[in-house]
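The values are calculated or read from the model by the stated rules, or taken from the named source; none is laboratory data. Here the structure is a predicted model, which is why all the values come from computation and not from measurement. With ideal geometry, Cβ positions are generated from the backbone for all residues, glycine too; neighbour counts draw on all protein chains shown.
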Amino acid sequence: MIARVTPRDNRDTLGMMVIAAAMLVAAATGILAAISVKTAAAAVIGLVTMLAAIFRPVVVILILFLTVYPSTLTLAGISIQRLGGPLALLVAVTQLLRGGVHLRRPTLTLVLVVAYAGLAAASLSWSSSVSGTLDALASLGISLAYMAAVLLVLKDSRDLLPIFWAVTLWSALLGGWWILSYARGDSREFNALGDPNFFAALQVVAAPLALALIGATRRRAARIVLYVALVLIAGSIPASLSRGGMVALILTGVVVAIIPSVYLFSSGAQKRNFFLGVAVMS
């Protein structure tokens, strides 16, 4: 009788369903925790990851970018990058199933990637170490999953901006770690962040991103933060004692000096001031 008099609100129904689902999840988590805390934690992380992949895929992409750096970080004996592979694949599949993905005609970059992946797979036929080749192909598969997730999720510059900020600040934080490790006299071979050459290569990639943010940022405080981050990023490359990283950093500086100011700076004056500051600090 009451149901006939009071109109049913769809939002109330949805709210009741959400509450019921939350109670079921809480009960299941409690049961799993009684059996194994690690299993319960893994289940909760998996559920949160699935929800993020569906409703906030950009956040997952942000996490994937951050997992590239700590090559020595492991969870249950598995490197963080290998754990990120299935996550990237989940995001890519979710985006395809949801629809709204408009694939353009294959670009030269995509053609080259597919050709390289095909050649790598074909190398199994002449490899002298099948197990080693399979391990390398697994690493390539993780890279392709990361690439597919980024390709399908990021749509425009608004999606790129938080990625640039996260990579810049994360690189600055880890750069500060490397600088402190160098100042303490720690051995580069046993640094907690992994291979120094790999780290230096990533820092070389992050430096132009910081420059681009500086050129696009109008707030003074934010630009000061970015300049400090850029100093930490660039300073961590010689601190890693990576000769390849130093060469790449110098070449990057040459390229930045040659290309037009509009690509990374807001004006020619800003570009001149930047290189003047670099000269003074050197």
Select from the range 203-227 the residues that are over 13 Å from residue 256 (Cβ atoms), aliphatic (A, V, I, L, M) and touching a helix residue (DSSP H, G or I) at 6+ places or on another chain (Cβ under 7 Å) and list them in ascending order.
206, 213, 226
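Residue 174 - would you say it is surrounded by 17 or more Cβ atoms within 10 Å (Cβ to Cβ), out of contact with any helix residue (DSSP H, G or I) (no Cβ under 6 Å at 6 or more places or on another chain) and modelled with pLDDT of 85 or more?
Numbers: surrounded by 17 or more Cβ atoms within 10 Å (Cβ to Cβ): yes; out of contact with any helix residue (DSSP H, G or I) (no Cβ under 6 Å at 6 or more places or on another chain): yes; modelled with pLDDT of 85 or more: yes.
Yes, satisfied.
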Residue 97, sole failed condition from (1) at pLDDT below 85; (2) surrounded by 12 or more Cβ atoms within 10 Å (Cβ to Cβ):
(2)
Go through the range 235-260 and count every residue that is under 14 Å from residue 209 (Cα atoms) and in contact (Cβ under 8 Å) with a residue 40 or more places away in the chain.
3
Checking residue 210 against (1) within 20 Å of residue 157 (Cβ to Cβ); (2) modelled with pLDDT under 85, which single condition isn't satisfied?
(2)
Name the one entry in 150, 204, 130 that is outside the structural domain of residue 242 (by TED's automatic domain parsing) and either without any contact (Cβ under 8 Å) to a residue 60 or more places away in the chain or of a type in the set (D, E, K, R) (or both).
130
